[in-house]
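These notes concern the structure reproduced below.
The values are calculated or read from the model by the stated rules, or taken from the named source; none is laboratory data. Keep in mind that what you see is a predicted model, and the values were worked out from it rather than measured. In this analysis, Cβ positions are derived from the backbone assuming ideal geometry, glycine residues included, and neighbour counts consider all displayed protein chains. Surface areas here come from the heavy atoms of the whole protein model, side chains and all, with no ligands, DNA or RNA. Shrake-Rupley method; radii C 1.70, N 1.55, O 1.52, S 1.80 Å.
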Amino acid sequence: MNLAEQRAVFTAVRDWHGEIPWRIAALATNRSVRTLRAYAYGERRAPAEVIGAIRMLLDAEAAWHEHVGREERNRLESLEEALGRQLQRYVAATVAMCQSCEPDAVCRQADCPLRAVSPLPLVVSRRRAA
């Protein structure tokens with residue numbers, strides 16, 4: 001492995017946020033954080049088993065994020081379906097209420113509390129005062 005490839009692997013560790021990934025990598029490779037950083041900056045050549053262990057860590061982290069992302073997508077899809085069903089019930093209840101109040105399929109009550117969501121068009125009658 002050349003130094004450019006070595007740097008690329010350790011750059012992924014640096015991009016992994018903060019000090020904790022370095023400590024995890026140190027535990028996984030049985031090396032010190034200082035030694036790993038020397039590998040990262042190209043001061044020393046990293047043994048193949050260290051690179052392999054770090055790649056395995058990075059792959060595990062990527063798989064974890066994929067798993068969490070999939071769970072979050074599933075949760076959001078379920079929530080969207082539940083909200084869609086609830087919205088359909090509210091729309092059906094509003095339509096039923098409006099049709100029972102105004103069987104002519106037009107709303108004549110501008111001050112109705114359901115006016116903002118009523119499916120019926122508002123018809124304002126213009127009567128002349130006698």
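Just a few scattered comments:
- Solvent-accessible area of the chain (1.4 angstrom probe, protein heavy atoms only): carbon and sulfur portion equals 56 percent.
- Dividing the mean sequence gap of close Cα pairs (under 8 Å, 6+ apart) by how many residues region 1-103 holds gives a relative contact order of 25 percent.
- Taking Cβ atoms as reference points and 15 Å as the exclusive limit, the residues near Met56 contribute a net charge of -1, counting Lys and Arg as +1 and Asp and Glu as -1.
- Whole-Å semi-axes of the chain's equivalent ellipsoid (Cα gyration tensor): 70, 15, 10
- Surface exposure of region 44-121, expressed per residue as accessible area with a 1.4 Å probe, stands at 75 Å².
- Counting only protein chain heavy atoms and rolling a 1.4 Å probe, the accessible areas of Val123, Val13, Val33 rank, largest first, as Val123, Val33, Val13.
- The C-alpha atoms of the chain define a longest principal axis, and helix 20-29 lies at about 50 degrees to it.
- Taking the convex hull of Cα positions in region 55-122, its mean projected area over all directions (nm²): 6.1
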